[in-house]
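Okay, structure first, notes after.
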Amino acid sequence: MSQNCHKIKLNKFFFISFFCLLATFFFLSSGRNIKINQFTNYKLIDDSLSIRMENISLENLLVQLGDSNYPHSLKKYDKEKYNIGKDLINNGRTIIKGKKTKRISTFFVCIDCHNIGREFSLLESESSLDRLNFAKNNFIPYLPGSTFYGVYNRTSFYNDDYVKKYGDLVNKASNNLNEAIQVCAKYCSSGRYLEAWELEAIMHYFKGNELKISDLDLNDEILLDIKNIANLDSNQKNHLKNKVNSFYRQFYSATFLPAMDINIRKYGEGGNVQNGKYIYNKSCLHCHANSRVTYLNLGNDKLSAKMFEKNLTNYSDKSLYQIIRYGTYPKAGRKQYMPLYTKEKMSDDQINDLVSYIKKLSNK
Ligand code: HEC
Ligand code: HEC
């Protein structure tokens, strides 16, 4: 009898737990269904897309909210052209019918100075601290140019001090992505202007990597507004557009700084050695390891470090404080040059981090 009772209790226990499990399962899956339905049923923005609302292009959304298409807008991208663009960006040339095409530059490829993937966890950020942390977490290079990720969705290029200092050279490019690419192919790369098919291919590559709604960290309130887009008046649309635009950058700021005065340099004191090591390896050595794009061969060795250490207290081209802020200039007969780092791409604190690492390396 007592055994039986025990059995019943056990059965009851199983029954209750099973029921609970079932209930939890239904609860969870129904929750998920609601979320999926919210997006899959949504077709107001673009009827031709049966995919989730979140996968709709940002440009498409902005047009629904009253913007015109970008001047460089492409309706859709062609995968073949995308691949050619990718090849040009990574290798500086492509192969057509078994033949290598003419290099854009003898000295550089685009990815010497630009990443192609995301550089910030929050796309609205342009803080050098966030950018370095993201680079470290994802083990990507830390470069003087802005990433190509999201470049299709920018409306202003070579901003602030680039316009002030380079004037006419970049004026035309300042609100025209096609021109911006051309300026960089010819001047940043010490190369040549692109032919029409090359420019088009690169634009298809950029289009293929344009921002989608799902790339932005939009909150539920905004997503709901987007879902209700058909019911919004033009004021509300404008308001929503401004909100959406605050979740990514339409341009990157560019502040040129002078070489820091020798009297206020901290010479590595209080610097973060780990950050400095990362910057040295994933920024400087990106170009200088094995003399890749320059005669100046650098490595994680005492000799390189000594060279920098000797020049910390001056304003020569071998001083970290100087070279980072001014870079070098292309000359006739020697067209490889080093681009400067703006404040946004390398902060004074980060230079101090780099110096602290260099000092550690030279005292090894
Ligand atoms: C030697 C370094 C270097 C090389 C090589 C280079 N760029 Fe740049 N590029 C820069 C710098 C520096 C800027 C300044 C603005 C920025 O990126 O924030 C820039 C800006 C740009 C911009 C505007 C970005 C913006 O948001 O303002 C585009 C587009 C661009 N480059 C495309 C290219 C392409 C395409 C190539 C290859 C054909 C290339 N670049 C090669 C250094 C370089
Ligand atoms: C995009 C590629 C690139 C990056 C990134 C880069 N450099 Fe350079 N650097 C060059 C080129 C090219 C030259 C020009 C030297 C030449 O004529 O070959 C140069 C020149 C220099 C010189 C001057 C050499 C001289 O004789 O005057 C120093 C010093 C230097 N780089 C240090 C650095 C440091 C430190 C970093 C990291 C903060 C760095 N470079 C990042 C490409 C780069």
- Can you name the condition, by its number, that residue 317 falls short on among (1) more than 9 Å from ligand 2 (Cβ to nearest atom); (2) of a type outside the set (Ser, Thr, Tyr); (3) in contact with a helix residue (DSSP H, G or I) (Cβ under 6 Å, 6 or more places away or on another chain)? (1)
- Regarding residue 217, is this residue charged (D, E, K, R), in the same structural domain as residue 117 (by TED's automatic domain parsing), part of a loop (DSSP other than H, G, I, E, B) and open to solvent by 20 Å² or more (accessible area, probe 1.4 Å)? yes
- Do we find a residue being touching a Gly at 6+ places or on another chain (Cβ under 8 Å) and either aliphatic (A, V, I, L, M) or open to solvent by 40 Å² or more (accessible area, probe 1.4 Å) (or both) anywhere in the stretch 265-276? no
- Task: Output yes when any residue across the stretch 296-308 is outside any helix (DSSP H, G or I) and of a type in the set (D, E, K, R), and no when none is.
- Result: yes
- Query: Only one residue in 263, 290 is out of contact with any Ser or Thr (no Cβ under 6 Å at 6 or more places or on another chain), at positive phi and not small (Gly, Ala, Ser). Which one?
  - Reply: 290
- Test each condition in (1) of a type outside the set (Val, Ile, Thr); (2) over 18 Å from residue 129 (Cβ atoms); (3) part of a helix (DSSP H, G or I) for residue 274 and report the one that comes out false. (2)
- Query: What is the residue count in the stretch 292-314 for residues that are closer than 16 Å to residue 279 by Cα, under 29 Å from the mean Cα position of the chain (by Cα) and within 9 Å of ligand 2 (Cβ to nearest atom)?
  - Reply: 1
- Pairs under 6 Å by beta carbon, first residue free of Cβ contacts under 8 Å to residues at least 60 places away in the same chain and open to solvent by 30 Å² or more (accessible area, probe 1.4 Å) in the stretch 155-168, partner in a helix (DSSP H, G or I) and not aliphatic (A, V, I, L, M), six or more apart or different chains? 163/174
- Task: Would you mind telling me which numbered condition in (1) of a type outside the set (D, E, K, R); (2) open to solvent by 20 Å² or more (accessible area, probe 1.4 Å); (3) in contact with a helix residue (DSSP H, G or I) (Cβ under 9 Å, 6 or more places away or on another chain); (4) part of a helix (DSSP H, G or I) residue 137 fails?
- Result: (3)
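The values are calculated or read from the model by the stated rules, or taken from the named source; none is laboratory data. For clarity, every value in this text was computed on a predicted model and none was experimentally measured. Reconstructed Cβ throughout: ideal geometry from the backbone, glycine too, with neighbour counts over all protein chains shown. Just so you know, the surface numbers come from the protein's heavy atoms only, side chains and all, with ligands and any DNA or RNA stripped out. Shrake-Rupley method; radii C 1.70, N 1.55, O 1.52, S 1.80 Å.
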